2 protein chains.
Amino acid sequence: MIKIAIIGFGAVGQGVAEILLRRKEELEKKIGKFSLVAVTDSRGSIVDENGIDIIKAIERKKKGRFDGKSTMEVIEGVDFDVMIECSVTNIDDGEPGLTHIMKCLEKGAHIITSNKGPLVADFHGINRLAEKKGLKFMFEATVGGAMPLIKLVKYNLAGNSIEFIKGVLNGTCNYILTRMEQEKMTYQQVLAEAQELNIAEANPDYDVKGFDSAAKLLILANALMGMDVKLSDVEIVGITDITPEAFDVAKSKNYTIRLIAEVNKKGYIGVTPRLVPIEHPLAIHGTMNAALIKTDLAGDVVVMGRGAGKYETASAIISDLIFAFS
Amino acid sequence: MIKIAIIGFGAVGQGVAEILLRRKEELEKKIGKFSLVAVTDSRGSIVDENGIDIIKAIERKKKGRFDGKSTMEVIEGVDFDVMIECSVTNIDDGEPGLTHIMKCLEKGAHIITSNKGPLVADFHGINRLAEKKGLKFMFEATVGGAMPLIKLVKYNLAGNSIEFIKGVLNGTCNYILTRMEQEKMTYQQVLAEAQELNIAEANPDYDVKGFDSAAKLLILANALMGMDVKLSDVEIVGITDITPEAFDVAKSKNYTIRLIAEVNKKGYIGVTPRLVPIEHPLAIHGTMNAALIKTDLAGDVVVMGRGAGKYETASAIISDLIFAFS
C-alpha cells in the first residue's frame, strides 16, 4: 500500500486528488494499492491514515483554508511513502517547498513536485539527499506542464549527448507575442486582453520579464545538462519592450518573434526574445509550450504541449507517480 | 554482466554496435557491465562469448556476408540475455524476425527490435509470450526512428486516456509531398529526385503506397490503443495520385497535403492523404516524422523527430536498452 500526501491543495493539488479518485482502478493496476492519507494547505490539513474522502476534502477546501495540523506537523507526524509537493512557487529562496522536500527526504518519503521554487533554490542539494537516501525525486510538472520534457530527455533520449535545449516555456508570453504578431496590437493592449482572459496575472512581471522561463530553464540546465548553475547565471530579457514594428520587420523576412529559453553544452543559459522562422516548430502559437532538443545520435527532437492548467499539470505528476512505482 | 546478441547486421545493427563500443563507459554507468557476444546476418555470424571485437566485426562485414553459425544456431546455441533484432522487415508474414523473436523469448532472452515485420504479423502473440516469461519486449525503433513515441505514450503520458494518435510516419512520402508543395513539381518528377538522393527506394511502392505507414500505425494501434487489429483492417491510400493542382487548391485555403496515419479510440485506423492547415504541426517538412497525441488530461501533445537513419534508429534501440536494464 503506497501512502500518498499532497502538500498544497490549490488547482494542481486538487487536480491530482481528483485523478487519484477517478482513475483509482486503472492506476492500481500499474502501481498497486495506494491511499491518499493527507492533504495540506498553508493553514492546515485533512489527515486520515485509512484514506481521506477526496470529494469531501475538495468540498471542504471550497469553503476556505483547512484547519487542524499544519503542513510541518503532517510531515513530521503522519506516515506516508510519497509526498506530492504542489505548494506555491517562490523562486527567491524556494520556501516553504524546499523545507517540505528536505524534511520528507530525511524521513524517507519519495518526492514528486510541480513546484519550481525548491529546484531553483537548490536542485543539487535535493538530488544529492534523494540519491543518498535511495529515494525518488521526480519533477516533470515543474517545466512545461503537460509537455513531456524532463523524462523524455532523461530516459527516452538516454544514450544521447544533448547539444542544446531551446524552448518556448511560458504560455503567457507566447500568447502575448502570438496576438501581437497576428493582430498588430501593442504589448500593452494584448497584455490587458490576456489579463481579462486570466492568461496573464494582475502583476504579470514574473511571466513577462522572463523569470518564469528562466526558472524552468535553470531546472533543465541542472537536471538534464549536467550543469550547476544559479538563477543569477541566466541571461534574462523579457518581452515588455517588443513593438508591433518589430513584428512587421520580422514578418517581411518570414520570421516572427518568440521568447526563447536556451541552454547549451558550451555553458550558455539565457532567456531572450529572438527571431524565429515562421515555419519553425518554436514559432508555436498561443499558450502552448514547445522545446527543441538537439542530440548527437537522434538529431533534432521536438515536443509540444500545454504548458499549464490544472489537469495538464496534474497529468505530469501522475506520470511521475506511475514511473516511480511501476 | 548483460550478454547482448545483435541479429541483423545492416546499417541499424552496425549503428547499435558502434554506440555500444563508443559509449561503453557511459552506458555501463546506467545499466551495468555488458558484452556483445554475437552478431549475425542472413548468412552467418561472429560469436565470442567473451565479447566480440566490434571494429573487426564491422570491417569483416564490409567484405561481405558472414560465414560460420547461422542465426538460428546462434539463437539456440549461444548464451545471451537480450536479443537486438534488426533483421530486414517483411510485413507479409514477419519472417524470419518473428521466429527469431519467439525462439529467443522461449529460451528466456529479452527482446529489443527495430523490425516492424514480426509486430505486424503477431504483436499480441509476442507480447503474451514475453509477459508469460517475465521478459522485456521493447520496440521504440519500429515506429518513427528517433522520434520518441512508443515509450512516450506508454510511460510519459501514462495515466492519460488516448483519444487518437495522428502522425506523419513515412519520411519518403513526406519528402515527396513537401517538394511537390514547394516546387510545383509532379509526383513523378519528385520521385525521381528522391530516388537520386536515396530518399526513395528503386521500387518505392512499400513507402508511397502507404504500406510502411500502415505497418507503423498498426503497431501503435495494438501496442498503445488496446486494439487487436491486422493490416487488412487498415484503410490504406498512398500518395501516387496526388497532383500539383491539388496542392494549388489546398494552398489557396492555407492548407497543404500530407499522408496522415490515424488511429482513434472509436476504432478507426487508416493512412490517407489529407488536407492539413499549413501552420499545423503535422504539416511538417522534408523527411521528418511527427505525431499528435490527443489525450484526455494532458490535452494535445506533439512530437517530431527523424524517422529513419542509422544512428537515429540505433539511438531508439539504445534508449530501450537503458530503459529495460536501469
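The values are calculated or read from the model by the stated rules, or taken from the named source; none is laboratory data. Predicted model, so just to flag it, every value in this text is computed and none were measured. Backbone-built Cβ (ideal geometry, glycine too); neighbour counts: all protein chains shown.
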Review point. Looking at (1) assigned by the TED database to the domain that holds B:Gly210; (2) buried (at least 16 other Cβ atoms within 10 Å of the Cβ), which is the one condition that is false for B:Lys266?
Key: (2)
Revision key, fill the gap. Of (1) touching a residue at least 40 places away in the same chain (Cβ under 8 Å); (2) more than 14 Å from chain A (Cβ to nearest Cβ); (3) over 30 Å from A:Thr287 (Cα atoms); (4) assigned to a helix (DSSP H, G or I), B:Val229 satisfies every one except (4)
Check your understanding: Restricting attention to the range B:191-226, and to residues there that are part of a loop (DSSP other than H, G, I, E, B) and among the polar types (S, T, N, Q), which single residue is nearest to B:Thr272 (Cα to Cα)?
Key -> B:Asn203
Check your understanding: Does B:Glu49 qualify as being part of a helix (DSSP H, G or I) and not β-branched (Val, Ile, Thr)?
Key -> no
Check your understanding: If you go through the range A:79-112, how many residues are out of contact with any Gly (no Cβ under 6 Å at 6 or more places or on another chain), in contact (Cβ under 8 Å) with a residue 60 or more places away in the chain and part of a strand (DSSP E or B)?
Key -> 5
**Study point:** Residue that is over 16 Å from A:Gly171 (Cβ atoms), part of a loop (DSSP other than H, G, I, E, B) and of a type outside the set (Phe, Trp, Tyr), where the choices are A:Glu279, A:Glu262
**Key:** A:Glu279
Check your understanding: Which residue out of A:Leu119, A:Leu129, A:Leu98 is within 28 Å of B:Leu27 (Cβ to Cβ), buried (at least 21 other Cβ atoms within 10 Å of the Cβ) and not assigned by the TED database to the domain that holds A:Ile284?
Key -> A:Leu119
Practice item. Could you identify the single residue in B:Lys116, B:Lys103, B:Lys107 that is under 15 Å from the mean Cα position of the chain (by Cα) and either modelled with pLDDT of 95 or more or of a type in the set (A, V, I, L, M) (or both)? Key: B:Lys116
Exercise for review: Report yes if some residue within the range A:32-44 is more than 22 Å from A:Glu312 (Cβ to Cβ) and in a helix (DSSP H, G or I); otherwise report no.
Suggested key: no
Review point. Which number in (1) within 22 Å of the chain's Cα centre (by Cα); (2) surrounded by fewer than 18 Cβ atoms within 10 Å (Cβ to Cβ) marks the one condition that A:Lys62 misses?
Key: (1)
Review point. Could you count how many residues in the range B:20-57 are buried (at least 21 other Cβ atoms within 10 Å of the Cβ) and within 14 Å of chain A (Cβ to nearest Cβ)?
Key: 2
Revision key, fill the gap. Those residues of the range A:142-173 that are farther than 30 Å from A:Val88 by Cβ and either outside any strand (DSSP E or B) or within 13 Å of chain B (Cβ to nearest Cβ) (or both) come to a total of 7
Exercise for review: Specify which of the listed residues (A:Lys3, A:Lys33, A:Lys56, A:Lys62) is without any contact (Cβ under 8 Å) to a residue 12 or more places away in the chain, closer than 27 Å to A:Ala146 by Cβ and out of contact with any helix residue (DSSP H, G or I) (no Cβ under 8 Å at 6 or more places or on another chain).
Suggested key: A:Lys62
Check your understanding: Hey, among A:Leu197, A:Leu169, which residue is surrounded by 21 or more Cβ atoms within 10 Å (Cβ to Cβ) and out of contact with any Asp or Glu (no Cβ under 7 Å at 6 or more places or on another chain)?
Key -> A:Leu169
Check your understanding: Do the conditions hold for A:Glu85, that is, is it under 23 Å from the mean Cα position of the chain (by Cα) and charged (D, E, K, R)?
Key -> yes
Review point. Quick one: what pairs do we get from the range A:200-217, first residue over 18 Å from A:Gln189 (Cβ atoms), second surrounded by fewer than 24 Cβ atoms within 10 Å (Cβ to Cβ) and at pLDDT below 95, C-beta under 9 Å, 6+ apart or different chains?
Key: A:Tyr206/A:Thr89; A:Tyr206/A:Ile91; A:Phe211/A:Ile91; A:Asp212/A:Thr89; A:Asp212/A:Ile91; A:Ala214/A:Ile91; A:Ala215/A:Thr89; A:Ala215/A:Ile91
Revision key, fill the gap. Note on the range A:269-326: residues surrounded by fewer than 20 Cβ atoms within 10 Å (Cβ to Cβ), over 26 Å from A:Ala194 (Cα atoms), charged (D, E, K, R) and touching a residue at least 12 places away in the same chain (Cβ under 8 Å) are A:Lys294, A:Asp296
Point to revise | Count of residues meeting criterion [of a type in the set (D, E, K, R) and within 7 Å of chain A (Cβ to nearest Cβ)] in the range B:301-314 | key: 2
Review point. Pick from A:Ile317, A:Ile284, A:Ile322: which is assigned to a helix (DSSP H, G or I) and more than 8 Å from chain B (Cβ to nearest Cβ)?
Key: A:Ile317
**Study point:** Qualifying positions in the range B:174-190 - in a loop (DSSP other than H, G, I, E, B) and either of a type in the set (Lys, Arg) or outside the structural domain of B:Ile239 (by the TED database) (or both)
**Key:** B:Lys184
Revision key, fill the gap. Given (1) among the polar types (S, T, N, Q); (2) out of contact with any Asp or Glu (no Cβ under 7 Å at 6 or more places or on another chain); (3) not in a loop (DSSP other than H, G, I, E, B), B:Thr240 misses just (3)
